[in-house]
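The structure appears right after this line, and notes come after that.
The numbers here are math on the coordinates, done by the rules we state, and not lab data. No experiment lies behind these values; they were computed from the predicted model shown. Backbone-built Cβ (ideal geometry, glycine too); neighbour counts: all protein chains shown.
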Amino acid sequence: MNPIDRANFSPFQRVGIEAFREALEADPTVSPQEFVPNDPHQAQEFWRAVQELQATPTATHPVQSGSTDAKEEFDRATRIPERIGHFHIKRLIATGGMGTVYQAMQENPRRMVAVKVMRPGLTSRSALRRFQYESQLLARLRHPGIAQVYEAGMHQDDFGEVPFFAMEYIANARSLTSFAAKRKYELREKLRLFVEVCDAVHHGHQKGIIHRDLKPENILVDARGQVKIIDFGVAKCTDSDLAMTTLQTDYGQLVGTIQYMSPEQCEADPQDIDIRSDVYSLGVVLYALLCGRLPYEISQKAIHDATRIIREQPPEKIGAIDSSLRGDLESIVLRALEKDRDRRYQSALELASEITRFLAGEAIYARPPSFMYQLRALTRRNRRLVSGGVLVIAFFLMGVILFGVLYLSANEKRRAAEASLERMVDLLPALMESKLTLGSNSSKELQDAKVLIQKYRLDSTFADRLNPTIREQFLDLLNKTATETALQDSP
């Protein structure tokens, strides 16, 4: 792509537009929506830059309309509606991949609210059919740790009909991790704050609602230190979390939500998600709260690679990042992040109770995975390598067994031969008395005894291989036999 004149671009425009241009080189149909900054002012600047890029006649790969037209997105991002439903819009709070949030005034009762308008394209037909029912459930949530949803409905703008949610407005709020960092919270203070988060999530679960998009940005803390979880159940109403896992991309960028998704969410099957998916996301949030980083480095991975890592690779232990976190707390985090949901904490309440036990200095239930479980997990992750190893071990064992059988057979023959020698040595006196004259009527034992003498005469080391006691008796009898034979043969 030929360069365009970006002299008038702001720093925010240049960063976003350069990333978009690189993606455009790989895929001319890529949507600029994936590169929109979260900050509303930066987003407006970005869209202006996209418009200029779209209008550049020298571009080798001009911006394609594809699934999202740049002009339409620019208008939607920069134009603030006067009203949405019964709410008078005051200002733009934030915009991102999931939608746009406005500060608004509700007329009756008169109060300040936050209105979130979902982005078109993230709402499936099936989600729209159940949207009204699900939004009524959200409005029934009553908990101090959950931002209340006052109203939900469909907003008709110039570009079509989109869902919106009017919810409790939290002034001067910070994300969970940002709040803890700003207040310079110590470990125990962070854990107490996290227990409040778990308590709020558990309340939603008791009402039959799964959050499905738990992350620090959706867990706010107001100036008084009160936790407020936002967007509870919004992802389920719109299927927006599942939509993020099916975005086609080759440019190596990830929407932040994916980093907090459970392995089963990465499979994009809405029927296979339960409250334990939220428990996993809580584990990732706890990891970020304690370590200041995420358990997987997937920020520059393509979506299919990122979801594979979440499904298959074990997270780095928090004790490897901070040695003070080793022990029980590490075991708690690892259990919350188990790939197998049957091995996770089965509810947010269980996770909160475990942390409470840790804070009280009591024994926790979580324990490091057993050797056999780790072996099974290793087998699942490395099937080909393990299969080859099993073949090698099988051949080795077959060789050991064959060697053992041959060794036992040879040893048995050796013992039988020694027993036969003992019997033949016992017969030597009788052989001596017969003066070495063995007729056809001689017993088989005497014949064998004579063979024994012949072996000794032909092989001088034969006697050395005999049992010491047998050898001594054998040589003594041979000497006597030889002496008497010599006397008989003398004139």
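Quick notes
- Annotation: extensible slack from residue 140 through residue 403 equals 87.3 nm (criterion: 0.36 nm per residue apart, minus Cα-Cα distance).
- Using a Förster distance of 22 Å, the FRET efficiency for residue 183-residue 360 (Cβ separation, nearest 0.05): 0.45
- Using a simple spin-label model with pseudo-atoms 7 Å out from Cα toward Cβ, residue 291 and residue 385 lie 2.0 nm apart.
- Potential lengthening of the chain between residue 302 and residue 93 amounts to 72.4 nm, from the contour at 0.36 nm per residue minus the alpha-carbon distance.
- FRET efficiency, 1/(1 + (r/R0)^6) with R0 51 Å, evaluated for residue 342 and residue 161 via beta carbons: 0.80
- Too-long pairs where the Cα-Cα distance tops 32 Å, listed order kept, from 90/190; 90/301; 228/339: 90/190; 90/301
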